[in-house]
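Okay, so here's the structure we're looking at.
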Amino acid sequence: MFDGERSRCTNVRIMDVELAQSFRQAMGGWNVATSRWLRVYVYERLQQLWGWGSGWAQMGAFMTSAVWH
């Protein structure tokens with residue numbers, strides 16, 4: 001849709017949110033920069049460094065987002 005430079009400025013992919021077939025797809029298109037930050041710095045670290053399972057790591061990322069907001 002956009003070239004490489006403009007896609008870095010995109011924070012919401014409207015069609016991904018509106019036409020999502022799953023919760024994961026919808027969340028992936030909403031607040032892209034924050035989602036990426038939460039995935040890299042919270043979700044993946046909870047899994048790799050602390051050995052948390054994916055469900056617990058997801059809950060940790062959601063809780064971090066809730067406290068942050």
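The values are calculated or read from the model by the stated rules, or taken from the named source; none is laboratory data. On a predicted model such as this, the values are computed, not experimentally measured, just so you know. Note that we place each Cβ from the backbone using ideal geometry, even for glycine, and neighbour counts take in every protein chain shown.
Residues are listed down the side, and each one gets a yes or a no for (1) part of a helix (DSSP H, G or I); (2) within 22 Å of Cys9 (Cα to Cα); (3) at pLDDT 90 or above:
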residue	(1), (2), (3)
Gln21	no, no, yes
Arg36	yes, yes, no
Glu44	yes, no, yes
Trp50	no, no, no
Trp56	yes, no, yes
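Please determine, by comparing only the residues of segment 32-52 that are surrounded by 15 or more Cβ atoms within 10 Å (Cβ to Cβ) and not aromatic (Phe, Trp, Tyr), which one is farthest from Trp68 (Cα to Cα). Spell out how you get there, then give the answer.
Here is the first cut: in segment 32-52, the ones surrounded by 15 or more Cβ atoms within 10 Å (Cβ to Cβ) are 32, 35, 37-39, 42-43, 45-47, 52.
Still in the running and not aromatic (Phe, Trp, Tyr): 32, 35, 38-39, 42, 45-47.
On the way: Val32: 16, Ser35: 13, Leu38: 11, Arg39: 14, Val42: 12, Arg45: 17, Leu46: 17, Gln47: 20 Å.
The extreme case among them is Gln47.
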